[in-house]
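Taking it in order: structure first as structure tokens, then the write-up.
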Amino acid sequence: YVCVLSVQFLALSGELIGQSAKPSASPATPAVAAEDGEKHHQEGLRTFKDGDYEDAARAFQRAIDIRRVQHPNGHADLATSIQSLGVTFETLNRPKEAEEKYREAVAMRDKLADAPSIDVARGLHRLG
């Protein structure tokens, strides 16, 4: 089961990274560099691929924390990190936390989308 999820996550993460918007620093938070969120997100992907799911969860959480400061009203990159944390929680057999993150990511993407999006569909698919 974990192996299937890992393969699905890696395929999904590649698609999401390719579609993520370019990071930009918020004028209200000059101390937080935009690339820091991306750096931590990439670290999460790397450690997940290596099978170190606890470290991946910490890296995704750090990316989320940074991106929440940068984008308090939501952003596609923030939603991507949230969904990635959900996949990681699912892999760690923490289904309640995974579902919470999937729902948060879907709601954010839905709010940000002017039209139905493939990212919203992917998040809904993860919820079953």
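Considering the conditions (1) open to solvent by less than 50 Å² (accessible area, probe 1.4 Å); (2) within 15 Å of the chain's Cα centre (by Cα), D55 is excluded by exactly one of them, (1). Condition test on H41, is it open to solvent by less than 60 Å² (accessible area, probe 1.4 Å) and at pLDDT 95 or above? Taking the combined requirement at face value, the residue satisfies it. Counting only residues that are at pLDDT below 65 and of a type in the set (A, V, I, L, M), which one in the stretch 94-128 is nearest to H71 (Cα to Cα)? Only one residue tops the list, namely V120.
The values are calculated or read from the model by the stated rules, or taken from the named source; none is laboratory data. This is a predicted model, so every value here is computed, not measured. To get the accessible areas, we keep the full protein, side chains included, count just its heavy atoms, and leave off ligands, DNA and RNA. Shrake-Rupley method; radii C 1.70, N 1.55, O 1.52, S 1.80 Å.
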